Amino acid sequence: MCILMQNKINNKKFIETCKDLIAAYKSGALGQTKMPEDSHPDFPDKEARIAYLTLPMALNYQRNSYTLWESALNTFKDPSTRFVFDIHIVNKKTESEVRTALMKYKLALQPNKHISTWRSISKTIEREWGSFEKFTDSIDNDFLKLKQTVQIDYKKGFPYLSGPKIFNYWSFILSTYGNIKLKNKDAIDIAPDTHITQCSVKLGIITDKDVETMTKEKLSQLWRQTLKGSGIDPIDMHPPLWFWSRNGFIFKHD
């Protein structure tokens with residue numbers, strides 16, 4: 001059970017700690033806070049930007065995020081491989097050609113599954129909307145419409161990207177780096193990876209025992225419940241918590 005839910009005084013202290021962590025993140029007190037996604041190219045247009053921030057995310061499963069985005073950047077910079085971020089060209093290329101390009105800089109690590117995922121999403125976007133730009137226009141910059149589209153209406157067309165953890169973080173990436181000011185951003189759940197889970201234990205939301213049995217979805221719900229009324233959107237806690245854990249909890253809270 002969520003410890004903080006049992007005591008309003010503890011919950012108040014928890015909210016204060018969250019605000020301290022956000023302030024520490026912004027001030028640099030958490031240590032190195034350069035996000036993996038900060039390393040991106042200068043995009044020629046919106047289409048390239050959304051494609052770049054979307055397709056690699058579908059391959060971001062049990063991987064080092066810094067390595068993933070470094071591979072994406074190298075792939076984009078190379079004229080011979082940049083085409084993988086243009087869905088119209090991808091859909092005209094053979095599977096072998098796409099595989100060669102995606103694996104040149106290790107953007108794809110699995111020669112079959114990763115290539116299939118990349119091509120599936122490219123085909124879905126072109127077939128249903130024509131482009132990434134028209135896709136984002138179709139959801140009216142609304143997170144709830146994006147959620148309905150990707151996780152329900154066209155779920156099979158967005159392998160891995162439609163999964164709860166990756167979908168919520170991808171939505172955060174679109175909002176932060178994609179120049180898409182998502183409506184209903186407060187509905188984006190925190191994405192409980194290893195670092196978020198470790199912070200959840202340290203802050204008392206869950207116990208070490210809970211880590212073994214609790215689902216990621218349940219942990220996301222606990223964060224939402226705990227932050228309710230605080231003015232803090234759950235996903236806004238992701239960067240501070242991620243770096244707090246990754247940098248060895250060097251920031252000390254009361």
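The values are calculated or read from the model by the stated rules, or taken from the named source; none is laboratory data. On a predicted model such as this, the values are computed, not experimentally measured, just so you know. Cβ sites come from the backbone with ideal geometry, for glycine too, and all protein chains shown count toward neighbours. The protein model used for the area step is the full one, side chains on, heavy atoms only, and it has no ligands, DNA or RNA in it. Shrake-Rupley method; radii C 1.70, N 1.55, O 1.52, S 1.80 Å.
Cα centroid separation, the range 22-56 to the range 150-217: 17 Å. Once the chain from LYS13 to ASP142 is taken as fully extended at 0.36 nm per residue, the excess over their C-alpha distance is 43.2 nm. Counting only Cα atoms, the chain measures 60, 34, 34 Å along its principal axes, largest extent leading.
Could you work out the helix-only [θ] at 222 nm for the chain, with each DSSP H run of four or more residues adding -39,500 (n - 2.57) and the total divided by the number of residues, to the nearest 500 deg cm²/dmol? It lands at -16000 deg cm²/dmol. Peptides 201-210, 182-191 ranked from most to least packed by the mean count of surrounding Cβ atoms within 10 Å: 182-191, 201-210. Which shape class applies to the range 26-76: rounded if a/c is under 1.5, otherwise prolate when a/b exceeds b/c and oblate if not, where a ≥ b ≥ c are the square roots of the Cα gyration tensor eigenvalues? In terms of gyration-tensor shape, oblate.
Measure off, as a whole percent, the carbon and sulfur share of the 1.4 Å-probe accessible area of the range 29-72, all protein chains present.
Exposed carbon and sulfur together represent 45 percent of the surface.
Taking the Cα centre of the range 123-177 as the origin and placing charges on Cβ (Lys, Arg +1; Asp, Glu -1), which of PRO159, PHE143, SER175 is farthest toward the positive end of the dipole? In the range 123-177, that residue is PRO159. Which of these, ILE89, ILE166, ILE121, has the largest mean-square fluctuation under a Gaussian network model of the chain (Cα springs below 10 Å)? Of ILE89, ILE166, ILE121, the most mobile in the Gaussian network model is ILE89. So what's the gap between the Cα centers of the range 82-98 and the range 116-139, to the nearest angstrom? Taking the Cα centre of each part, the range 82-98 and the range 116-139 sit 13 Å apart.
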